[in-house]
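Structure first, commentary second.
The values are calculated or read from the model by the stated rules, or taken from the named source; none is laboratory data. This structure is a prediction, so every number in the text was calculated from the model and none was measured. Every residue, glycine among them, receives a Cβ derived from its backbone with ideal geometry; neighbour counts consider all protein chains shown.
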Amino acid sequence: MTKTKTDYEQIAQQLKPRFQAFIDGKYCDTISGETFSCHNPATEEFIGDIAHCDAADVDKAVAVARKRFEQGVWSQRPPEERKEVLLKLADLVRKHTDELAVLESLDTGKTITDCLHEIGTEAPAFFQWYAELADKAFGKIAPTGPDALGLIVKEPVGIAGAIVPWNFPFLMAVWKIAPSLAVGCSVIVKPAEQSPLTALRLAELAQQAGVPDGVLNILPGMGETAGQAIGRHNDIDVVSFTGSTEVGRMFMRYSGDSNLKGIGLELGGKSPFLVLEDATINDDLIEHAAMSAFWNGGQNCSANMRQIIAAPLVEEYTARICERVQKFTLGDPLDPNTEIGSMITPEHKQNVMNYIHKGNQEGAKMLMGGDLERTGSYIKPTVFTDVTNNMTIAQEEIFGPVLGIMPVQSTAEALQVARDTDYGLHATLFTQDINRAIKTARALPCGTVSINGFSEGDIKTPFGGYKLSGSLSRDNGTEAIEQYLQTKTIWINVQ
Ligand code: NAD
């Protein structure tokens, strides 16, 4: 039976969130005893004091993670056994979906509907998919002559650090935990300080599924403390980071200043949504345009906020997108009818509002949106038109519900505007001409191009960015596991 807002409020009343760090299979206070406070951004209510891990706690977690890796309790376990454990974990996440989704919604202001989907459907599918890969990864044999046998084998890299953002807290953590555990690494996760609760709860579900103590450790803390300590640690072998480009650059430096650990970067974006002149403006296109921008309140790395529209279609497009955007329901994240919840923090709301002011100052025309004055950090979905590519709102990642319509005169201009950004994460393209679609997709420097619909692909397709949107690493697909593997050659002389 479909649950109501009252049902979710009742689940919220019964929650007993974990606030301590999870190290070596136990919830524990930090060595310093420090904590930081956690609030519900939609109601501004205090939730709890969270363990504020720093370098000492990272040292403690790394020591045990290394010990377990060397003991082989997980790294040397037959892959079919790792598979069984991760399949159990997928089931446990499914069983606890309501609880986890409510927890995530309270922690972030995300809508319950999105949380249920990300946690109940997507996250278990990730555990399942990487579990199933665990015992299907084969090595290679080099083409040698008869006097040698050259084996090319993959080994787990050792300890993986996972640094995750707040916009999809549970799912982003799972994007990294599932492939790294599947290949046998020990893992240390630092959730974002704005959204630590569901990752902390996941730890005990993983333990219940059979992940050995010390193999998965969750260390909440600030970026400058726990995050930096992970980045600079000499005994962490790889860090997979999802977050802003600015902090991504820091991880490259941390690595250079320490043990040259591998760094995988999934960073920000400013993605285009191109409607070429032969496209038909219909309900489907408008729905994709609206969702590409306002899904998760625009707090999405692949949000298509640069909507580049062929001039002859602009008038119709603008009228229809505004009509659709008016219909978004904003409000209580625990209400299943809500489509857009709260921004993550009051400070983030202020940043987004500053961009809206800037858009107005720089001459873009605001058609709808702006502040929503009520308790919590709400912003109405905002639409600007007459946006030109030199404007701040066309170039900088706003990470909030601010869409800009950019009229262009030709496909060549559409492509030129789409390419003219520092980022390269995603693009959507609408056209009826398959040749034009393929040529344009090839010419767009970004990690995912989605044609005649907005999509990030799915679990089977790699996700990551060109240019300042990422490094060569990818999350998702079989590519994700490469982040957590080393390649070894074993050369055997045959006599
Ligand atoms: P952020 O970079 O501020 O924080 C991300 C993580 O890094 C957090 O855990 C944070 O505590 C940590 N951190 C912050 N400062 C640090 C420091 N000095 N040293 C070490 N760690 C530090 O990003 P955010 O605001 O949490 O997330 C939003 C950003 O994430 C956006 O730019 C968005 O585009 C990006 N993002 C990218 C993807 C992707 O797959 N490409 C997915 C989601 C979000």
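Being within 12 Å of the ligand (Cβ to nearest atom), crowded, with 24+ Cβ neighbours inside 10 Å, over 30 Å from Tyr355 (Cα atoms) and of a type in the set (Gly, Ala, Ser), is that true of even one residue in the stretch 302-322? Within the stretch 302-322, none of the residues are within 12 Å of the ligand (Cβ to nearest atom), crowded, with 24+ Cβ neighbours inside 10 Å, over 30 Å from Tyr355 (Cα atoms) and of a type in the set (Gly, Ala, Ser).
Residues of the stretch 394-405 include at least one that is on the phi > 0 side of the Ramachandran plot and not aliphatic (A, V, I, L, M). Counting only residues that are under 24 Å from Thr108 (Cβ atoms) and in a loop (DSSP other than H, G, I, E, B), how many does the stretch 185-233 have? Total satisfying the criteria: 10.
As a summary of the residue check, Asn296 satisfies the conditions (1) more than 20 Å from the chain's Cα centre (by Cα); (2) part of a helix (DSSP H, G or I); (3) not aromatic (Phe, Trp, Tyr) except for the one numbered (1).
Of all residues in the stretch 88-108, those that are closer than 13 Å to Leu171 by Cβ have Cβ atoms under 6 Å from Cβ atoms of residues that are among the polar types (S, T, N, Q) and in a helix (DSSP H, G or I), 6 or more apart or on another chain, in Leu100/Thr198; Glu104/Thr198. Of all residues in the stretch 212-224, those satisfying the criterion of being more than 12 Å from the ligand (Cβ to nearest atom) and either surrounded by fewer than 24 Cβ atoms within 10 Å (Cβ to Cβ) or at positive phi (or both) are Pro212, Asp213, Gly214.
Could you tell me which of the residues Gly231, Gly227 is under 15 Å from Ala160 (Cβ atoms), within 18 Å of the chain's Cα centre (by Cα), of a type in the set (Gly, Ala, Ser) and within 11 Å of the ligand (Cβ to nearest atom)? Reasoning before the result, please.
Working: Gly231 fails: within 18 Å of the chain's Cα centre (by Cα).
Result of the check over Gly231, Gly227: Gly227.
The residues of the stretch 234-251 that are touching a residue at least 60 places away in the same chain (Cβ under 8 Å) and more than 11 Å from the ligand (Cβ to nearest atom), listed by number, are Asp235, Ile236, Asp237, Val238. Do we have any residue at all in the stretch 473-481 that's within 15 Å of the ligand (Cβ to nearest atom), at pLDDT 95 or above, among the acidic types (Asp, Glu) and not in a loop (DSSP other than H, G, I, E, B)? Checked against the condition, which is being within 15 Å of the ligand (Cβ to nearest atom), at pLDDT 95 or above, among the acidic types (Asp, Glu) and not in a loop (DSSP other than H, G, I, E, B), the stretch 473-481 yields at least one hit.
In summary, strands (runs of 3 or more DSSP E) completely within the stretch 359-435 and bearing 2 or more residues that are among the polar types (S, T, N, Q) occur at 379-385.
Looking at Glu287, is it free of Cβ contacts under 8 Å to residues at least 60 places away in the same chain, in a helix (DSSP H, G or I) and near the ligand (Cβ under 10 Å from one of its atoms)? Walk me through it before giving the result.
Values: free of Cβ contacts under 8 Å to residues at least 60 places away in the same chain: yes; in a helix (DSSP H, G or I): yes; near the ligand (Cβ under 10 Å from one of its atoms): no.
Against the criterion (free of Cβ contacts under 8 Å to residues at least 60 places away in the same chain, in a helix (DSSP H, G or I) and near the ligand (Cβ under 10 Å from one of its atoms)), Glu287 does not qualify.
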